[in-house]
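Participant: Structure provided below as structure tokens; questions to follow.
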Amino acid sequence: TFHDAALAPNGHLFAVGVTSSANFPVQLKSGAHYQGPAQSSTDGTIVEFDAAGVRQWATRFAGTSFDYVDGVTVATDGRLYVCGSTASTDFPTANPGGGAFYQPALTGVEDAFVARFSAAGALEWSTHLGGASGDQYAGGIAVRDGKLYVVGHTTSPSFPVLDPGGGAHFDASL
């Protein structure tokens, strides 16, 4: 089931979602992230189609528990950003350094996640985003002027927050 789709500057369409099928049709793309066999009974998915509708890349993006890819956006430089939720302790993470937010481990029963892929599909950054209790998920994502925006839901009082200052709306309470 696809949950979201985004059009890239080159005319390619990226669709993300979830599969419960052991036979989900994965497709390798040179240099791109690739997870072939089913990781669990519910795996997140990323699929790329070219402007003619021909599938270019299809992969799972998951650990060994329940994982959903719910949001996708593509930056003007072609980088792909996805978000969703994971209950996997072995969800694929990647720390790019340079001060980027990075939470390497699941901190609750379920955490949100955010990930970035290069224009070629290589995993560049992937992080859990959650507190110690409650269920967290990220369902919407956007990138503009080099800034990443993610929306979602949490019931965790320890969800990681940061007040951006400058008069921006900020609500750190449940």
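Participant: Within the accessible area of segment 57-174, what % is carbon and sulfur when the probe is 1.4 Å and the other protein chains stay in place?
Facilitator: Carbon and sulfur: 54 percent of the exposed surface of segment 57-174.
Participant: Which one of A120, A100, Q35 has its Cα pushed farthest toward the positive end of the charge dipole of the chain, where Lys and Arg give +1 and Asp and Glu give -1 at the Cβ?
Facilitator: Value computed over the given set: A120.
Participant: For the chain, with only Lys/Arg (+1) and Asp/Glu (-1) charged at the beta-carbon, what is the dipole magnitude about the Cα centre, in debye rounded to 20?
Facilitator: Dipole size: approximately 380 debye.
Participant: Can you classify the chain as rounded, prolate or oblate using the Cα gyration tensor, where a ≥ b ≥ c are the square roots of its eigenvalues, rounded means a/c under 1.5, and otherwise it's prolate if a/b beats b/c and oblate if not? Don't jump to the answer; show the numbers that get you there.
Facilitator: Values: a/c = 1.93, a/b = 1.31, b/c = 1.47.
Taking the square roots of the gyration eigenvalues as a ≥ b ≥ c, the chain is oblate.
Participant: Please sort 122-131, 53-62 by packing, taking for each peptide the average over its residues of neighbouring beta carbons within 10 angstrom, highest first.
Facilitator: 122-131, 53-62
Participant: In square angstrom, what is the accessible area per residue of the chain with a 1.4 angstrom probe?
Facilitator: 49 Å²
Participant: Next question. Going by a ≥ b ≥ c, the root eigenvalues of the Cα gyration tensor, does segment 85-139 fall in the rounded group (a/c under 1.5), the prolate group (a/b larger than b/c) or the oblate group? Don't jump to the answer; show the numbers that get you there.
Facilitator: Working: a/c = 2.24, a/b = 1.79, b/c = 1.25.
Since a/c reaches 1.5 and a/b is larger than b/c, the shape of segment 85-139 is classed as prolate.
Participant: Still on this model: Quick query: amide H of H3 versus all other amide H atoms, modeled in the peptide plane; which residues come in under 5 Å with a sequence gap of 5 or more or a different chain?
Facilitator: Residues meeting the criterion, in which the H sits 1.01 Å from N, are V16, G17, V18.
The values are calculated or read from the model by the stated rules, or taken from the named source; none is laboratory data. Quick caveat, the model's predicted, so the values are computed rather than measured. Here Cβ is always computed from backbone atoms with ideal geometry, including for glycine, and neighbour counts include all displayed protein chains. The area values use the complete protein model at the heavy-atom level, side chains included, leaving out ligands, DNA and RNA. Shrake-Rupley method; radii C 1.70, N 1.55, O 1.52, S 1.80 Å.
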